[in-house]
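Read through the structure below, which is laid out as structure tokens, and then see the notes.
The values are calculated or read from the model by the stated rules, or taken from the named source; none is laboratory data. Fair warning: this is a prediction, and the values are worked out from it, not measured in the lab. All Cβ positions, glycine included, derive from the backbone under ideal geometry; neighbour counts span all protein chains shown.
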Amino acid sequence: MSALPPPLAILLSAASVLALAGCNATPEIIGKTMDLSETGGGSSFSPTGGGSDQGASSSGGGHAGCAPKLDGVVRDFKAYGTPGGHPDFERFEGIGLEGIVESVLGPDRKPVYAHEGATEYTAGPEYFEQWFRDVPEVNRSIRYTVPLDVSDGEFRLYSSKEFFPIDGRGWGNQHRDHNYGFTFELHMSFRYRSMDDFIFGGDDDIWVFINNQLVMDLGGVHGSTFDTLDLDAMAEQLGLELGKDYPLDIFFAERRSGGSSFMISTLKYTNCDPIIL
């Protein structure tokens, strides 16, 4: 909904803090030099297909021996109140709501709606089921790659205060300046190391799962909101062991026109191929 907040301080290690200002859609190198002795492990996941409308974006990320492509799927929806419109898009306003989804991913690696009926920001389970699944005549799916920079650094940042990956595509802009009303899901694997932080944010709904467990709940319609995950503090709870690879699943929804922001700071991703579910 609204633009990115004032400059963010991103913690790269216990003794290194970098201030980021003037965020835009250009990826930036924000940290460490890569250890070339680490070649990265392949993900235990494999691609299972993709969206019906193949998008074209630059790819990147990775380290020696592996350049993961952070490919995800954007699904476009028509606005509520228009023919074929979805009741969850262009309808609600507010400051967000936790607890819309369950704390564990479903068996199909999709969020599970946590209520029997509607909430302050959702029309009900049958409509939520359509957010991250291809449903003919309800949404149109488009492959999109987060354009991370390629370099010899392990940490990268993609930050955009105008995140409109499907302008003029899908159902089109519907008489607006941009194509609002879409979801984005991104699946990857990463290697857990000590002193790693992960920052993600945007508007509206944001859910992040690590090792199938919900670790960031910024659900509901809201302005730009950001959170930081201290993986060391969460390692025991999440069952993380140093040096091992784990799934990371991100679900994002832009549901109200007026602005769209998206930010992701990277971990040490290990999926050399796209993970599309």
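Could you list, in sequence order, the residues of the stretch 160-208 that are among the aliphatic types (A, V, I, L, M), surrounded by 18 or more Cβ atoms within 10 Å (Cβ to Cβ) and farther than 27 Å from residue 120 by Cα? Passing the criteria: 166, 188.
Summed over the stretch 241-254, the residues that are surrounded by fewer than 19 Cβ atoms within 10 Å (Cβ to Cβ) and aliphatic (A, V, I, L, M) give a count of 1.
With respect to residue 133, determine if the residue is closer than 26 Å to residue 214 by Cα, over 15 Å from the mean Cα position of the chain (by Cα) and of a type in the set (Lys, Arg). Yes; evaluated as a whole, the condition is true for this residue.
If you go through the stretch 255-272 one residue at a time, do you hit one that is over 17 Å from the mean Cα position of the chain (by Cα), surrounded by fewer than 19 Cβ atoms within 10 Å (Cβ to Cβ), touching a residue at least 24 places away in the same chain (Cβ under 8 Å) and within 17 Å of residue 190 (Cα to Cα)? The answer is yes, given that some residue of the stretch 255-272 is over 17 Å from the mean Cα position of the chain (by Cα), surrounded by fewer than 19 Cβ atoms within 10 Å (Cβ to Cβ), touching a residue at least 24 places away in the same chain (Cβ under 8 Å) and within 17 Å of residue 190 (Cα to Cα). Among the residues in the stretch 224-232, are any over 18 Å from residue 162 (Cβ atoms), crowded, with 22+ Cβ neighbours inside 10 Å, without any contact (Cβ under 8 Å) to a residue 40 or more places away in the chain and not charged (D, E, K, R)? No, every residue in the stretch 224-232 fails to be over 18 Å from residue 162 (Cβ atoms), crowded, with 22+ Cβ neighbours inside 10 Å, without any contact (Cβ under 8 Å) to a residue 40 or more places away in the chain and not charged (D, E, K, R). If you filter the stretch 160-201 down to residues that are of a type in the set (Gly, Ala, Ser) and closer than 24 Å to residue 232 by Cα, you find that the one that is farthest from the chain's Cα centre (by Cα) is 194. Look at the stretch 126-145: where a residue is in contact (Cβ under 8 Å) with a residue 24 or more places away in the chain and on the phi < 0 side of the Ramachandran plot and a partner is among the hydrophobic types (A, V, I, L, M, F, W, C) and assigned to a loop (DSSP other than H, G, I, E, B), sitting 6+ places away or on another chain with Cβ atoms under 8 Å, you get 128/100; 130/138; 140/171; 142/166; 143/276; 144/166; 145/70. Considering 149, 134, 88, 76, the condition of being within 27 Å of residue 190 (Cα to Cα) and either at pLDDT 95 or above or not in a loop (DSSP other than H, G, I, E, B) (or both) is satisfied by 134 alone. Out of all the residues in the stretch 242-253, is one or more in a strand (DSSP E or B), without any contact (Cβ under 8 Å) to a residue 60 or more places away in the chain and under 23 Å from residue 158 (Cβ atoms)? Checked against the condition, which is being in a strand (DSSP E or B), without any contact (Cβ under 8 Å) to a residue 60 or more places away in the chain and under 23 Å from residue 158 (Cβ atoms), the stretch 242-253 yields at least one hit.
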